[in-house]
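Read the structure below first, then the notes.
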Amino acid sequence: MLFDMDGTLVDSEKLWEVALHELAVAYGGALSEPARRAIVGTSMAVSMRILHDDLGQPERDPHASAAWINTRILELFRSGLRWRPGALALLQAVRAAGIPTALVTSSGRALVEVALDTLGRDSFDAVVCGDEVEAAKPHPTPYLTAARLLGVPIGRCVAIEDSPTGVASALAAGAAVLAVPTEVPVAPSAGVHQLASLTAADLELLAALLGKPPA
């Protein structure tokens, strides 16, 4: 099992939105809704480029902006993270069944370490962070890396995602995909099963996505 983090397991996209809007204001502008939606699920480098272009300030230093966002989002994460509906129950069921499990996120390691205080450090056999892979989502590398670390063929993995960027990454890698859109709609696509909430997901569904009977 391969789980995305932001917007999939925890309701953290709203915290990212707070930080991004605050930075836009600090730069004397306002982040547009289309730009905010385009940022969901992307790497920090891509996010900062979208933000700067949206503000009409492409000359801004992306590293300085990223440092500001990282500092602010760490503060927001430490104030507390809420589970997405059904996410904790599904993760617990997967772990109880002994299924190899990885966290596959575009967030950086420092932020993930804070999130793991909520998610549980024993909840995953592997953790793949956005700043520890050569290419971030929507490239397939994050999911291929996770499957390799688990020692499981990617074709036998189910990836759970909430954003078009994450879904594209998982599909490109060759995983079966369960999409649970939150902030941004995910277009219907072959190989992608969609649910409104993880409250409707269980081990039987996950097995069905792989075309095999539940254990």
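Observations on the model:
- Unique residue being without any contact (Cβ under 8 Å) to a residue 60 or more places away in the chain, part of a helix (DSSP H, G or I) and of a type outside the set (G, A, S) when the list is L74, L90: L74
- Scanning the range 161-215 for residues that are open to solvent by 30 Å² or more (accessible area, probe 1.4 Å), among the small types (G, A, S) and without any contact (Cβ under 8 Å) to a residue 40 or more places away in the chain yields a count of 10.
- The range 123-151, subset in contact (Cβ under 8 Å) with a residue 12 or more places away in the chain and open to solvent by 40 Å² or more (accessible area, probe 1.4 Å), residue nearest to the chain's Cα centre (by Cα): P138
- When residues of the range 22-44 are limited to those that are part of a helix (DSSP H, G or I) and touching a Lys or Arg at 6+ places or on another chain (Cβ under 8 Å), the one surrounded by the most Cβ atoms within 10 Å (Cβ to Cβ): L23
- Here W83 does not fit the description of being of a type in the set (F, W, Y) and more than 17 Å from the chain's Cα centre (by Cα).
- Cβ separations smaller than 8 Å between residues 6+ apart or across chains give the following pairs from the range 42-61 residues that are more than 15 Å from Y27 (Cα to Cα) to residues that are open to solvent by 20 Å² or more (accessible area, probe 1.4 Å) and outside any helix (DSSP H, G or I): T42/S106; T42/A136; S43/S106; S43/A136; M44/S106; M44/G108; A45/A136; V46/A136.
- Selection status of S189, closer than 21 Å to Q92 by Cβ and over 12 Å from the mean Cα position of the chain (by Cα): no
Matching residues to (1) open to solvent by less than 40 Å² (accessible area, probe 1.4 Å); (2) in a helix (DSSP H, G or I):
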| residue | (1), (2) |
| --- | --- |
| R60 | no, no |
| N70 | no, yes |
| V94 | yes, yes |
| A110 | no, yes |
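The values are calculated or read from the model by the stated rules, or taken from the named source; none is laboratory data. What you are looking at is a predicted structure, and each value in this text was computed from that prediction instead of being measured. Every residue, glycine among them, receives a Cβ derived from its backbone with ideal geometry; neighbour counts consider all protein chains shown. In case anyone asks, the SASA skips ligands and DNA or RNA and just uses the protein heavy atoms, side chains included. Shrake-Rupley method; radii C 1.70, N 1.55, O 1.52, S 1.80 Å.
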